[in-house]
Each structure stands twice: as C-alpha cells, then as structure tokens.
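Q: Please read through the structure below; I'll follow up with questions.
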Amino acid sequence: MADILGSTIFLKPDDVLRAFDTRGTLQPTVRWSEMMHGQHAVAFTVAKVAKLDLLRAIRSSLDEVLREGGTFEGWKGAILPELKKAGWWGAVTNPELTGTADTIIVNNRRLRTIYNTNVRMSMATGHWARIQRQKDVFPYLRYLPSSSEHKRPLHMSWYGVLLPVDHSFWQTHFPPNGWGCKCQFEQVTDRKMRKMGWTVTPDADLPQSARLFQAANGQDVMVPDGVDPGFSYNPGTAHLRAVAAKAVASMRQAADAGMEAAADATLRHIVADAAFDQFLALPSGAFPVAILDAAQQAAIQARGRVVVMPEGVYRKQRGEMPAVSRGHPELTTDNYRLLPDIISRALVVAQQGDTRLIFFADETGNVWKAVVRQDAGDALPVLVSFHRSRPRNIQPETRNLAILLDRRQ
C-alpha cells in the first residue's frame, strides 16, 4: 500500500510543518472526543495517552516523519521501543498511562490510526493553505472519489460536487471526512469547468441532514450525516484561528516588551498571507489588523496594543447587518490590508470619549477613516469601523475632539 505522505509531493513543506508545529500544546485525553474540531489545531493529543512524556515522544516522532519523510512502518519501528518501554503496548491496564481503568488494546491497528489521522489532518491543513493562495486561478474545488477499496455510500454521493473554494460546504466536508477516509479533491479553473461541461453544484443538491453528537467534554455538536464525529470541520480554517491567536499573543508580548519592529513584522506577515483572504471570505473569531503606539494605548486605557477585527464587525462591514448599519461592502481585501499603515501612519488621530480613537490616513491616493474602541468586556482594542472618507471631512469630524496627532502641517 502506498504511503499517504506521497500526496504531499506538490505541497510546500512549510505548510504541513506549520500546521503540525502550531499544535504545540500537549493535551492528555482519555477519549478522542474530549477534544473536538478546532481544538486539535492548537493541541496535540492521542486518546488513551495520559502521560506527557509519552505523548511528547509520539509527537516528536510524527514531527520527524513530516520533516524528513517516511512511511508508517518506518515510524512504527522508531516509536515502538519507546511505547514498549513505557508499557503502552498490548493489553494495557495501567490507569496512569491510559487515564482509564479499562483495559486498552494497543496494537498495529491503533498505531496506524494515530499515524494516518495526524499525518492526514496536517496534510489537509497544508492543502488548504495552498488552495487559499491559488484560489484566484483555481476558484473551485471538486470532490473526488476515495482510493479505498470499500467506499462509503454517503461519501460516494458527494463525488463530483463542485463549489467555490470559500463555500461553506468545504468547512464541514473537506476530506478526510472520517477515520480512514481517503476521499480526494481537485482544484478547478474556470476554463477546465467550461471545457468539461461541469457546473457549480446548486445548494439544493448538497447534503442537508445532520445528527447531534455529544462529545466526551459534554459539548453538543451537529455532525453532517456521512461524516465521522470529530471530522466535521475544516482543519485549514481551524489552523487559521490557531495561527491568528498565536500571532496576537506573539505581537502582544513583543509590543509590551518594546520590540515594536518585531510586532510590526509579525502583523504585516500575517495580513499579507492567504490566511487573511480566508478570514475575510469566512470570518470566524478575530483577526489582528493593526498595532497602537504606547500613547494611543494609554489614551483609551487599552488592554493591549494589538487591534483585532472580530467576525461580527467584519460581517457588519460587509453589509450583513442592515438593521445596524449599511456597512461598506464595496471594500476589497486589498483595502483591508492597508489597515496596519492607516493606523501607524495616520495623518490625524483624535480621541472621542474615554474609549475610542479615530484615525484619518492618506493611503493609495484615498483618505481613510478607521475607528478603534476598547470596551470593558474585550481583551483587546477592536476595530469597529473602517471606510473611505474625504479630506474635507477631517476638520468637522474632529472639531470637538482631543487631537492626539496631526501630521497635516
């Protein structure tokens, strides 16, 4: 049987390794469903492994496979002595090792599941990073048949589904979709779609049914029929949230330590990355977009200098909350990429009340207005408004406000 690492031949190694590296926290679990979906993007776990040193050894061995290449048999040969030495092999009845009083069978099948699941999910994350980088040229994904001899009927019903990259279907059905699932996908251009006579799958033809699954942590999760519990999420999107969270933490530490250049470099790297495109296409959580200077932070008593744009704000910006605001759906991804410069190179910075800063900047031949606010319930200052403005608006809109900075002279 061909080893699954073969499908990484066209992947940037950094994409797969970054996915695995992000999962730096070791999380002992008894049942696999104690950690669900996006939690796997930030922590590494193996069910029934309760000792951190053993968990660390397994993680290190998988890390080596992803970095250096290898096969299941090679990985097994390297890790098996460690497992036997720790007593985690055969019929294991040691609760200190397994976290349970039940007898656990650790055999070749369990090791293959550990290997396949961790490698496949890291690969899926790497694939998703590539997909996001290339979606201007390959705007569609098409679900392809499994290479398994025994194919799952429900998975077979998805073969040929063709949808835009950022369609919500790929957030729950991006392969793999279960233990041992070997379904594939292909990236598709407009030209190929026309040449093959394919059409975008109507939403009405997509699977609609789902079932309620209660995870071991008590969380109720809706799982699409045909998808195994624990797989009904897009590992690339979950990885994006993990990257964003780690980037925010890194920037906060750097800014608080006076390392402004390092914080700024981290911000600009992540805003320029395809991860930013993905956030704007499928907003989830909060994304870093700017950094305040120390004086601005002090002016509104912000809890940090990193400014984030939450999902709700961006949806309002897109015009999805008409009862609240018409929003600014005319803005493009490149416009939002200007935010680090709009904040750091503002022409005018004014303070409105105790919690709000208003920035006016001239970038790319346009005047822009951005509003940042620190609310009591927020861990960081939040971008609450962003849109084009006009030079003549600056004076009347700041007339009765405290001016913190004015570079117009």
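Q: Tell me the per residue accessible area of the stretch 137-178 using a 1.4 Å probe; a whole number in Å² is fine.
A: 42 Å²
Q: Given the peptides 329-337, 159-167, arrange them by the average over their residues of other C-beta atoms within 10 Å, most packed first.
A: So the peptides 329-337, 159-167, ranked by packing, come out 159-167, 329-337.
Q: Net charge around Pro207, counting only other residues with Cβ within less than 13 Å of its Cβ (Lys, Arg = +1; Asp, Glu = -1)?
A: Neighbourhood net charge equals -1.
Q: Per the 1.4 Å probe, what fraction of the accessible area of the stretch 272-395, in percent, lies on carbon and sulfur atoms?
A: Reported share for carbon and sulfur atoms: 46 percent.
Q: Right, something else. Taking square-rooted eigenvalues a ≥ b ≥ c of the alpha carbon gyration tensor, is the stretch 315-368 rounded, prolate or oblate, where a/c under 1.5 means rounded and, failing that, a/b exceeding b/c means prolate?
A: Oblate is the answer for the stretch 315-368, as a/c is 1.5 or above yet b/c matches or exceeds a/b.
Q: While we're looking at this one, here's another question. Leaving out ligands, DNA and RNA, and with a 1.4 Å probe, what % of the accessible surface on the stretch 132-193 is carbon or sulfur?
A: Looking at the stretch 132-193 in its full context, I get 55 percent from C and S.
Q: Turning to a different aspect of this structure: Residues of the stretch 280-409: accessible area per residue at 1.4 Å, in Å²?
A: 47 Å²
Q: Between the stretch 343-389 and the stretch 149-190, how far is it from one alpha carbon centroid to the other, in angstrom?
A: The distance from the Cα centre of the stretch 343-389 to that of the stretch 149-190 comes to 42 Å.
Q: With every protein chain in place, what's the accessible area of Leu206 (1.4 Å probe, Å², nearest 10)?
A: Surface open to solvent at Leu206 totals about 20 Å².
Q: Further, regarding this structure: Could you rank Asp203, Asp228 by how accessible they are, 1.4 Å probe, largest area first?
A: Asp203, Asp228
Q: Among Pro310, Ala350, Leu292, whose Cα lies farthest out toward the positive end of the dipole of the stretch 291-372, if unit charges sit on the beta carbon of Lys, Arg (+1) and Asp, Glu (-1)?
A: Checked the options; the winner is Pro310.
Q: May I pose another question? Over all directions, how big on average is the projection of the convex hull of the alpha-carbon atoms in the stretch 250-409, in square nanometres?
A: 9.5 nm²
Q: What shape does the stretch 167-217 take by its C-alpha gyration tensor, where a ≥ b ≥ c are the square roots of the eigenvalues and a/c under 1.5 counts as rounded, a/b above b/c as prolate, and the rest as oblate?
A: prolate
Q: Oh, and also: I want the local charge near Gly160. Using Cβ-Cβ distances under 14 Å, sum +1 for each Lys or Arg and -1 for each Asp or Glu among the other residues.
A: +1
Q: Related question: Let me check something: with ligands and nucleic acids excluded, how do Ser250, Ser122 order by accessible area (1.4 Å probe), largest to smallest?
A: Ser250, Ser122
Q: If ligands, DNA and RNA are left out, what is the accessible area of Trp89 with a 1.4 Å probe, given in Å² to the nearest 10?
A: 80 Å²
Q: Here's something else I'd like to know. Keeping all protein chains in place and using 1.4 angstrom, which order do Arg194, Arg326 fall into by accessible surface area, from largest down?
A: From most accessible down to least: Arg326, Arg194.
Q: How much net charge surrounds Asn393 when only the other residues with a Cβ under 12 Å from the Cβ of Asn393 are counted, with Lys and Arg +1 and Asp and Glu -1?
A: Combined, the nearby Lys, Arg, Asp and Glu give +4.
Q: A further question on this structure: What figure, in Å² to the nearest 10, do you get for the accessible area of His387 with a 1.4 Å probe and non-protein molecules left out?
A: 40 Å²
The values are calculated or read from the model by the stated rules, or taken from the named source; none is laboratory data. What you see is a predicted model, and the numbers here were worked out from it, not measured in a lab. Glycine gets a Cβ as well: all are built from the backbone with ideal geometry, and neighbour counts include every protein chain shown. Just so you know, the surface numbers come from the protein's heavy atoms only, side chains and all, with ligands and any DNA or RNA stripped out. Shrake-Rupley method; radii C 1.70, N 1.55, O 1.52, S 1.80 Å.
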